[in-house]
Amino acid sequence: MNLRKKIQEIVGSPYLDALFYNFPGGLRFKLSDGGSPLDQALTALRKATAICNDVFGGEEKILVHLETFAPASCFGLRKMLCELRIAGIVVPRVRDVWLEAEYQTDEVNESGPWVSAAFEIPTAKLQNLLWCIVTADFGASLRPNKNQSSLQLSSTGIRIEV
């Protein structure tokens, strides 16, 4: 299955701007407003989950397309892949990975080719994926971290590992 082709059939040629610009009737909306970063992330996650459950609720799998600027070394992508894995999103062997042409944005230090990955995940993992997306704007403080402290609850008490 050519997932890249499938994505390009859905959205047209490579898209560099938000999808809602390219589709008649496309929506853009604010997911959270004010409060602490954690409150904003939780509000956005709750709203995004409700919207996506309405859209994808009847599906067994969803097609995911991740894209980022290609780092100088492919090892630069390890952090993102590790965060996805910690969040329960395992990129399956059946996937497409490709580079798009170089593109310059208004952001500082964001130029170069895009690296894209397309794969399918069970719809049950949608909220995990949304958490990664929602928390991306908050930096490492809310993102999955393999070195994070852990909290374990049991009938004999609470154990906190730092």
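Screening Lys125 against (1) modelled with pLDDT under 90; (2) surrounded by 11 or more Cβ atoms within 10 Å (Cβ to Cβ) leaves a single unmet condition, (1). Of the residues making up the range 41-55, just one is touching a residue at least 40 places away in the same chain (Cβ under 8 Å) and open to solvent by 50 Å² or more (accessible area, probe 1.4 Å), namely Asn53.
Within the range 57-80, residues that are under 22 Å from Pro122 (Cα atoms) and in contact (Cβ under 8 Å) with a residue 12 or more places away in the chain have Cβ atoms under 6 Å from residues that are crowded, with 16+ Cβ neighbours inside 10 Å and among the β-branched types (Val, Ile, Thr) in these pairs: Glu59/Thr123; Ile62/Thr123; Val64/Ile121; His65/Ile7, counting only partners at least 6 apart in sequence or on another chain. Within the range 80-104, how many residues turn out to be part of a loop (DSSP other than H, G, I, E, B), open to solvent by less than 80 Å² (accessible area, probe 1.4 Å) and closer than 15 Å to Asn2 by Cα? So the answer is 1. When you look at Leu77, is it at pLDDT 70 or above, in a helix (DSSP H, G or I) and hydrophobic (A, V, I, L, M, F, W, C), yes or no? Yes: the conditions hold for Leu77. Gly58 meets each of the listed conditions (1) at pLDDT below 85; (2) loosely packed, with under 11 Cβ neighbours inside 10 Å apart from (1).
The values are calculated or read from the model by the stated rules, or taken from the named source; none is laboratory data. Note that the structure is a prediction, hence the values are computed from the model and not measured. When we count neighbours, we look across all protein chains shown, and the Cβ atoms used for this are built from the backbone with ideal geometry, even at glycine. Areas reflect the complete protein model, heavy atoms only, side chains present, ligands, DNA and RNA absent. Shrake-Rupley method; radii C 1.70, N 1.55, O 1.52, S 1.80 Å.
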